[in-house]
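The structure under discussion appears below in the form of structure tokens.
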Amino acid sequence: PLGLWMGSGGCARWEEEKKEDGVKWMQLEHRGPYFVPPYEPLPEDVQFYYDGKPLKLSLATEEIATFYAKMLDHEYTTKEIFQNNFFHDWRKEMTSEEQEIIKDLDKCDFREIHKYFVEKNEARKALPKEEKQKLKEEADKIQEEYGYCVLDGHREKIGNFKTEPPGLFRGRGEHPKMGMLKKRIMPEDVIINCSRDSKIPEPPEGHRWKEVRFDNTVTWLASWTENIQNTLKYIMLNPSSKLKGEKDWQKYEVARRLKDVVHKIRAQYRKDWKSKEIKKRQRAVALYFIDKLALRAGNEKEEGETADTVGCCSLRVEHIQLHPQLDGQEHVVEFDFLGKDSIRYYNKVSVEKPVFKNLQLFMKNKDPTDDLFDQLTTNFLNKHLQHLMDGLTAKVFRTYNASITLQEQLKALTNPEDNVAGKLLSYNRANRAVAILCNHQRSIPKTFAKSMQVLQEKIDAKKKQVEEAQEEVKKAEDEYEDTKDAKAEANVEKKKKLLKRLEEQLAKLNVQATDKEENKQIALGTSKLNYLDPRISVAWCKKFGIPIERIYNKTQREKFAWAIDMAGEDFEF
């Protein structure tokens, strides 16, 4: 079916000849990454103060000071771990003279620098239309030059063609490395990947690339190692490109294959709960959690290298508590641990009796810091999953359970009689059920209270209008009772129509407020972009006459072009 999707090349891009296994492209040509412009020093009259006195900083030290100054009004700069990491890394970059003077972060005053950047930002927002247009044209020119590559004869859009600017690492959740210095990426850090016969990108003047590769078994165009977590960063194709679309489609097809065998897998792990081998029992209980709770598998990590985050296989005894009875339920497991990105996972779940008994057995005679599944590794689990179904991993379970949950929730919650706003509320509620399953949280947005207040004011004003309109209808009806003439009758109809319109507007505002309130701590985007088969949403839109742009923005519609073209209203995951 992907052969139907017409791409920007004007031909059916999905139908082109298949390459041999592992080969992703035959030709790849691009300009290399766009590097962040060099640091611009602060104006002379903007000063840094130490212990109440102005202090002129060296250029490198000043640049790092601006990273902290820009974040002064952010919650991060109030956290001790952020402050300590920043100060430690900042001191390393100082000159020896500066190190002699600057010894205490509390004596550093960044307020003038902060004020300068706030004003600069305001000035940029207040630029006249022509100036803004000029800046947009400059950005478009860079996009044109660096934002596209030629892949097998097609001009394809590149996703992130700019290197990340230097700054302070934030991390998600309570990350132990927050505040550390993210260094500037130089051409000497970058590996370029292109085809031998292409025009190899030129590094910026006076620089050279770390390496140039011709590897057509990978899809990245450039890569480097970032200094905080020593992870590889890549420049990839845009999600709307043919290669990415194909990969996305295949991911959901694997999850759909799981649907046909999941009952067998469940029967098998239930049987394994009674196995004579403790290793098999542990694997079966872990798989039950991965399936039922959409937990991540949890990979082995180097000691002390990263945050103390865990997944299913790496849970420790201290991460769960067993309650034979709790809140009127039996066999309750209380989970409390930091998952991916240091996001807390807290959940109380009633489990089946054999699972509860097994957990008691796994915890027996162990210390809180001992592994719960001490016989189990992610590797052992993944080999087993691969044996159960080709291409099966713990992530496929997350994708499958997320997608199936969305489909079932949409069926249960959508009322065909509702108006568009009502149906969209149902859609968001279905999406929310998935986000809760996957533990996709966010902190309450800073602007939440303010925007909620504005919305409430709109609701109050609209209520007043509705009351006034009701009075008007009553008045018109009384007049008609007295006169019985056609003009008065028409007036009644007119007033009723206005009242109906105002009542619909009020209902819409109330729906918005409910949605906003329910959504304040849930991140819907992660599951929508990564775990939910877009064809489910497209089919729902087509079935209920909802414009697709109400569900997916422009970028998302480009990413899911294959699904929009492929799914009819009868699509079943």
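Scan segment 359-371 and tell me whether some residue there is within 29 Å of V254 (Cβ to Cβ) and in contact (Cβ under 8 Å) with a residue 60 or more places away in the chain. Among the residues of segment 359-371, not one is within 29 Å of V254 (Cβ to Cβ) and in contact (Cβ under 8 Å) with a residue 60 or more places away in the chain, which makes the answer no.
Residues that are part of a helix (DSSP H, G or I) and open to solvent by 90 Å² or more (accessible area, probe 1.4 Å) within segment 85-106 comprise H88, K92, E97, E100, D106, listed in sequence order. Close contacts from segment 553-573, counting a first residue that is among the aromatic types (F, W, Y) and a second that is open to solvent by 40 Å² or more (accessible area, probe 1.4 Å), with Cβ to Cβ under 8 Å and a gap of 6+ residues or different chains, come to W562/W249; F573/R256; F573/K259. Between Y234, Y252, Y269, the distinction of being buried (at least 18 other Cβ atoms within 10 Å of the Cβ) and without any contact (Cβ under 8 Å) to a residue 40 or more places away in the chain belongs to Y269 only.
All conditions in (1) of a type in the set (A, V, I, L, M, F, W, C); (2) open to solvent by 50 Å² or more (accessible area, probe 1.4 Å); (3) within 30 Å of E75 (Cβ to Cβ) hold for I200, with the sole exception of (3).
Counting only strands (runs of 3 or more DSSP E) wholly contained in segment 318-364, the ones carrying 2 or more residues that are open to solvent by 40 Å² or more (accessible area, probe 1.4 Å) and of a type in the set (D, E) occupy 329-338. Of all residues in segment 153-176, those satisfying the criterion of being open to solvent by less than 40 Å² (accessible area, probe 1.4 Å) and either in a loop (DSSP other than H, G, I, E, B) or touching a Gly at 6+ places or on another chain (Cβ under 7 Å) (or both) are H154, I158, G159, F161, T163, P166, L168, F169, G171, G173, H175.
What residue, among those in segment 1-35 that are open to solvent by 100 Å² or more (accessible area, probe 1.4 Å) and outside any loop (DSSP other than H, G, I, E, B), is modelled with the lowest pLDDT? Per the criteria, the residue is L4. Just one of the listed residues (K516, K543, K554, K484) is within 29 Å of I459 (Cβ to Cβ) and either more than 23 Å from the chain's Cα centre (by Cα) or open to solvent by 30 Å² or more (accessible area, probe 1.4 Å) (or both), namely K516.
Contact map, segment 23-44: first residue of a type in the set (K, R), second residue outside any loop (DSSP other than H, G, I, E, B) and at pLDDT 90 or above, Cβ cut-off under 7 Å, separation 6 or more or different chains; pairs are R31/E145; R31/Y146. Only a single item in (1) assigned to a loop (DSSP other than H, G, I, E, B); (2) surrounded by fewer than 17 Cβ atoms within 10 Å (Cβ to Cβ); (3) among the charged types (D, E, K, R) is not met by E188, and it is number (1). In summary, Y68 fulfils each of the numbered conditions (1) over 20 Å from K182 (Cα atoms); (2) touching a Leu at 6+ places or on another chain (Cβ under 8 Å) with the single exception of condition (1). On the stretch given as segment 219-229, residues that are more than 10 Å from I191 (Cα to Cα) and either open to solvent by less than 20 Å² (accessible area, probe 1.4 Å) or free of Cβ contacts under 8 Å to residues at least 12 places away in the same chain (or both) total 1. Taking residues in segment 154-171 that are more than 14 Å from P239 (Cβ to Cβ), and partners anywhere that are surrounded by fewer than 17 Cβ atoms within 10 Å (Cβ to Cβ) and aliphatic (A, V, I, L, M), the pairs with Cβ atoms closer than 6 Å and at least 6 places apart or on different chains are T163/V36; P165/V36.
Residue by residue, here is whether (1) more than 32 Å from the chain's Cα centre (by Cα); (2) of a type in the set (A, V, I, L, M, F, W, C); (3) modelled with pLDDT of 95 or more holds:
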| position | (1), (2), (3) |
| --- | --- |
| D327 | yes, no, no |
| E330 | yes, no, no |
| K340 | no, no, no |
| S350 | no, no, no |
| K364 | yes, no, no |
| D371 | no, no, no |
| T377 | no, no, no |
| A402 | no, yes, no |
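Put simply, of K508, K494 the only residue that is assigned to a helix (DSSP H, G or I), in the same structural domain as Q456 (by the TED database) and either within 28 Å of the chain's Cα centre (by Cα) or surrounded by 14 or more Cβ atoms within 10 Å (Cβ to Cβ) (or both) is K508.
For residues in segment 36-83 being farther than 28 Å from H175 by Cβ and of a type in the set (S, T, N, Q), which is least open to solvent (accessible area, probe 1.4 Å)? Ranking the qualifying residues of segment 36-83, first place goes to S58. So is K259 in contact (Cβ under 8 Å) with a residue 60 or more places away in the chain, of a type in the set (D, E, K, R) and more than 23 Å from C438 (Cα to Cα) or not? No; evaluated as a whole, the condition is false for this residue.
The values are calculated or read from the model by the stated rules, or taken from the named source; none is laboratory data. On a predicted model such as this, the values are computed, not experimentally measured, just so you know. With ideal geometry, Cβ positions are generated from the backbone for all residues, glycine too; neighbour counts draw on all protein chains shown. Heads up: the accessible areas ignore ligands, DNA and RNA and are worked out on the full protein's heavy atoms, side chains in. Shrake-Rupley method; radii C 1.70, N 1.55, O 1.52, S 1.80 Å.
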